[in-house]
Amino acid sequence: MLRSELSEKQKLLRKVQASRFALIEANLYLDSHPTCREGLKYFREKRAEADKLIKEYETEFGPLTAAASHAEDCWEWVNTAFPWERGES
């Protein structure tokens, strides 16, 4: 599948994945450089970016994790396609 053929859901999920990857990498860097101000700044920026993208994804397409489910009447997590499943569903 070519990148231009990706659905909006897939494009947004890839942005979420990339921002979370950057956040994890920043976390690992800070484990060995805990006083690096630039590293701390980068971590905060990536955390804000990831939070924004995750909120955007979950608003549009549903929870990314079971823990993000806000079900009251029904366990919604199993009623929709999982985030990693391909397609528009």
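All of the numbers you see were taken from the coordinates with simple rules; none came from a lab. Note that this is a predicted model, so its numbers are computed, not measured. We place every Cβ from the backbone using ideal geometry, glycine too, and count neighbours over all the protein chains shown.
Run down the lysines and flag those whose C-alpha is under 20 Å from the C-alpha of residue 46, throwing out any fewer than 8 positions away in its chain. Cross-link targets: 11, 15, 55. Packing order of peptides 30-42, 55-67, 9-21, highest average first: 9-21, 55-67, 30-42 (average count of other Cβ atoms within 10 Å over each peptide's residues).
With both labels modelled 7 Å from their Cα along Cα-to-Cβ, the residue 76 to residue 52 distance reads 2.4 nm.
The label point for residue 66 and the one for residue 24, both projected 7 Å from the Cα toward the Cβ, are 2.0 nm apart. Given their separation in residues at 0.36 nm each and the Cα-Cα distance between them, residue 38 and residue 7 gain 7.7 nm when the chain is fully extended. Backbone geometry of region 19-31 corresponds, through the Karplus equation with coefficients 6.51, -1.76 and 1.60 at θ = phi - 60°, to 3J(HN,Hα) couplings of 5, 5, 4, 4, 5, 5, 4, 5, 4, 5, 4, 5, 4 Hz, x marking Gly and Pro.
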